[in-house]
Amino acid sequence: ILQPVLRGIVEYKEGGYVKYILTLFVIFGIIRPTVLLFLTESAIARYIRMIPVELMSNSCYMILGHYLANISRYKFKPLFMLLLFGFSGAICAIVCQLDALKKGAVNGILYDSNTITSFLGAVSLFLCFKHTNWKYSPKAQKRIVTLSSLSFGVYLIHPFVMTRLSSILNLTILSYHPLISIPVNTMIIASISFLITAIMVRIPIMNRLWKL
């Protein structure tokens, strides 16, 4: 629904306000929620909560993706970005495990799109792929373009797929060992989401909506 609005934002004055929006997003949409996770009852947290700014992280992630893909001219070493991705994932896993052991329950304290580890992981992986010199055959390129055209639909549909799998089949990352459940469940959810999206884009009205 918001896609036409977001496109208008990134195209207005040739993206002149994108950096400003992304700066606010990083401060109030990423750093602020992360800090509040660890300072829940402190005086500093009370002052931080007085700042009445909450940004829609998913929408800003879309703007960030557009900026990194089409506007940013900075160059990054793919290996460094891959290491940063691994580091952010490791920090997330360690902190979540320590928090679970301390509280006696699993709540994934850093397992959220609004945390600094998820932000760094998403950005670093995106930049790693962007700055790697990939060489594909024409057939492989065609398949990649096809999958890429479906990615926005997968992004929109996957929460629904996750909810239905959880409610109907009780399939979550805690259904069995996380080292197995996370990659396996990811593949299952992604495959179903791609399939649903591929069907929906063949419907004339839905196809037009996807291309807005």
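The values are calculated or read from the model by the stated rules, or taken from the named source; none is laboratory data. Remember, predicted model here, so these are calculated numbers, not experimental data. Cβ atoms come from the backbone with ideal geometry, glycine included; neighbour counts cover every protein chain shown. Only protein heavy atoms, including side chains, enter the accessible area calculation; ligands, DNA and RNA are left aside. Shrake-Rupley method; radii C 1.70, N 1.55, O 1.52, S 1.80 Å.
Answer yes or no as to whether Asn133 is within 21 Å of Leu82 (Cβ to Cβ) and either surrounded by fewer than 17 Cβ atoms within 10 Å (Cβ to Cβ) or at pLDDT below 85 (or both). Yes; evaluated as a whole, the condition is true for this residue.
Each row is one residue, and each column tells you yes or no for (1) in contact with a Cys (Cβ under 9 Å, 6 or more places away or on another chain); (2) of a type in the set (A, V, I, L, M); (3) within 19 Å of Leu37 (Cβ to Cβ).
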site	(1), (2), (3)
Ile63	no, yes, no
Leu68	no, yes, no
Ser72	no, no, no
Met81	yes, yes, no
Ile94	no, yes, yes
Thr115	yes, no, yes
Ser118	yes, no, yes
Lys130	no, no, no
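Name the residues in segment 96-123 that are closer than 22 Å to Phe25 by Cβ and over 13 Å from the mean Cα position of the chain (by Cα), would you? Matches in segment 96-123: Gly108, Ile109, Leu110.
Within segment 12-36, residues that are under 13 Å from Phe119 (Cβ atoms) and open to solvent by less than 40 Å² (accessible area, probe 1.4 Å) sit with their Cβ atoms under 7 Å from residues that are in a helix (DSSP H, G or I) and at pLDDT below 80, at 6+ positions apart or across chains, in these pairs: Gly29/Ser57; Arg32/Ile48.
Can you tell me which residues in segment 75-133 are aromatic (Phe, Trp, Tyr) and not in a helix (DSSP H, G or I)? Outline the logic, then answer.
Going through segment 75-133, the residues aromatic (Phe, Trp, Tyr) turn out to be 76, 80, 85, 87, 111, 119, 126, 129.
Once the filter is applied, which keeps residues that are aromatic (Phe, Trp, Tyr) and not in a helix (DSSP H, G or I), segment 75-133 yields Phe76, Tyr111.
Go through segment 181-191 and give me each residue that's under 13 Å from Arg164 (Cβ atoms) and open to solvent by 60 Å² or more (accessible area, probe 1.4 Å). The answer is Ile188, and nothing else.
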